[in-house]
Amino acid sequence: MPERSPQTFELHMSEVVGHCATTWLLLKRDTVLGPEYIITPKLCKSNFCPTCRAQNLIRLRHALLSSLRKHRWRLITLTYPDHSTDVLDQLRNTARQFKRFIQRIRRRYPLVQFVRTVELHQSTFPHLHMIIDRYIPEAFLQKHWHDLGGGWVDIRAHRRCQVCVTPGKWLHNPKPKPLTYQEAAHYLTEEIEKYQQDPHRLGLTYWLARVRSITTSRNLKLRPSSSDWQFEGVYNELSEAMWPYQLNHELAATHDRPTMTTHDGRSAIHLGYGFPDTETS
C-alpha cells in the first residue's frame, strides 16, 4: 500500500476529484423492444468529492439494507478518555485498537458479526459506533476496551427508554431491544452523513489517517444492489456518446426499424423506445 503524504493528497484532488464529471459514461441493457442506453457523467467515486460522497452514501445504505436483513442488531458506542491526543495520531491508532478489541471478542464469540463506523465530534476527536449481531455483556466489553486504552462502552438500542422516556443508557433493561436491520442501516449512514464527518472538509487529516467510513467482519459482506446495465464506453464529448441514437436514426431512414427517442433525466440521458423525444444539448 503506497505511503500517503500531502503531495499524494494534492495529486488525488487534482487528478481524480478534479476530473469528476468531465467525461461521459455509456451504459447498455437489452429489453424486449430493443437495446436501451443511459448516458451519464462519469463520476470519480471519491469521498473527497462532495457530489460523489452523496452517491456513495446512497449505495452504502442500499448495501447495508441488503446485507443486514437476516439478523437483529445491537448498537455499541466506544469512546476514548484522553481528548488531548493529536487527532491525526488518534485516527491512525483507531483501526489498530479496534482490530485488537475484535480479536478479544472473537476468542469468546468466534462467529460474531459486526459493522463499525467512526464518528467525529465537532472538535474532530473520534469515537466508534458498531452494531453487533448478538448480546454481549457490557462488563466484558468495558474491560477489554479499557485494557486497550479506550474509555467507556455503552450498549443501547436506537430508541428511547420505555421507562424513563429518554435516549441514553438503558438503565432499566440490561438487554435492550435489538435494532431492526432498517434501523441499523439508517443509523450507520446517518452518522457518516454528518457535517463533521465530511472528508472533503477534513481534507489532509482524513487522507493521512486512511480513515475507513465502514468496516465489516469478514463473515459479513456488503452486497451492492444488482443491476442489468452493462458498461459500453467512456467518451470525452456528449456528441460522441450519442452514437447509438445517431446510428439508429440512420438505419431507421433506410430500414423498417423503430425510431429511438431520448429522455433527459435529472442526471442522465436515456436512449430507448417509448419515451417522448426531447432535445439534448
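The values are calculated or read from the model by the stated rules, or taken from the named source; none is laboratory data. Since the structure is predicted, the reported quantities are computational estimates derived from the model, not experimental observations. Positions of Cβ are generated from backbone atoms using ideal geometry, with glycine treated the same way; all protein chains shown enter the neighbour counts.
Answer yes or no: is there a residue in the stretch 31-42 that is under 15 Å from the mean Cα position of the chain (by Cα) and touching a residue at least 12 places away in the same chain (Cβ under 8 Å).
no
To keep it simple, each residue is scored yes or no on (1) aromatic (Phe, Trp, Tyr); (2) more than 29 Å from residue 61 (Cβ to Cβ).
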residue: 232; (1), (2): no, no
residue: 237; (1), (2): no, yes
residue: 243; (1), (2): yes, yes
residue: 249; (1), (2): no, yes
residue: 253; (1), (2): no, yes
residue: 260; (1), (2): no, yes
residue: 264; (1), (2): no, no
residue: 267; (1), (2): no, no
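Given 265, 203, 274, which one is exposed (fewer than 15 other Cβ atoms within 10 Å of the Cβ) and either at pLDDT 85 or above or under 30 Å from residue 99 (Cβ atoms) (or both)?
Just one listed residue meets the conditions, 203.
Regarding residue 87, is this residue surrounded by 14 or more Cβ atoms within 10 Å (Cβ to Cβ) and closer than 22 Å to residue 46 by Cα?
Considered against the rule, which asks whether it is surrounded by 14 or more Cβ atoms within 10 Å (Cβ to Cβ) and closer than 22 Å to residue 46 by Cα, residue 87 comes out as no.
All but one of (1) in contact with a Lys or Arg (Cβ under 9 Å, 6 or more places away or on another chain); (2) under 30 Å from residue 137 (Cα atoms); (3) at pLDDT 85 or above; (4) not in a strand (DSSP E or B) hold for residue 46; state the number of the condition that does not hold.
Failed condition: (2).
Return the residue satisfying two criteria in turn: it lies in the stretch 54-72 and is surrounded by fewer than 17 Cβ atoms within 10 Å (Cβ to Cβ) and basic (Lys, Arg), and of such residues it is nearest to residue 267 (Cα to Cα).
My answer is 59.
Which of the residues that make up the stretch 240-267 are part of a loop (DSSP other than H, G, I, E, B) and over 13 Å from residue 26 (Cβ atoms)?
Of everything in the stretch 240-267, those that are part of a loop (DSSP other than H, G, I, E, B) and over 13 Å from residue 26 (Cβ atoms) turn out to be 255, 256, 257, 258, 259, 260, 265, 266, 267.
Checking the condition under 21 Å from residue 213 (Cβ atoms) and outside any strand (DSSP E or B), which residue from 104, 96 passes?
After applying the criteria, what remains is 96.
Yes/no matrix, rows are residues, columns are (1) at pLDDT 85 or above; (2) surrounded by fewer than 16 Cβ atoms within 10 Å (Cβ to Cβ); (3) not small (Gly, Ala, Ser):
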| position | (1), (2), (3) |
| --- | --- |
| 166 | no, yes, yes |
| 181 | no, no, yes |
| 184 | no, no, no |
| 188 | no, no, yes |
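Are there any pairs with C-beta distances below 9 angstrom linking a residue in the stretch 92-114 that is without any contact (Cβ under 8 Å) to a residue 60 or more places away in the chain and among the charged types (D, E, K, R) to a residue that is assigned to a helix (DSSP H, G or I) and exposed (fewer than 12 other Cβ atoms within 10 Å of the Cβ), with the two at least 6 apart or on different chains, and if so which?
Once the first residue is without any contact (Cβ under 8 Å) to a residue 60 or more places away in the chain and among the charged types (D, E, K, R) and sits in the stretch 92-114, its partners that are assigned to a helix (DSSP H, G or I) and exposed (fewer than 12 other Cβ atoms within 10 Å of the Cβ) give 104/147.
Any residue that is part of a loop (DSSP other than H, G, I, E, B) and closer than 28 Å to residue 209 by Cβ - is there at least one of those in the stretch 22-41?
So far as the stretch 22-41 goes, no, none of its residues is part of a loop (DSSP other than H, G, I, E, B) and closer than 28 Å to residue 209 by Cβ.
So which residues in the stretch 101-119 are more than 24 Å from the chain's Cα centre (by Cα) and within 15 Å of residue 147 (Cβ to Cβ)?
Answer for the stretch 101-119, where residues must be more than 24 Å from the chain's Cα centre (by Cα) and within 15 Å of residue 147 (Cβ to Cβ): 103, 104, 105, 107, 108.
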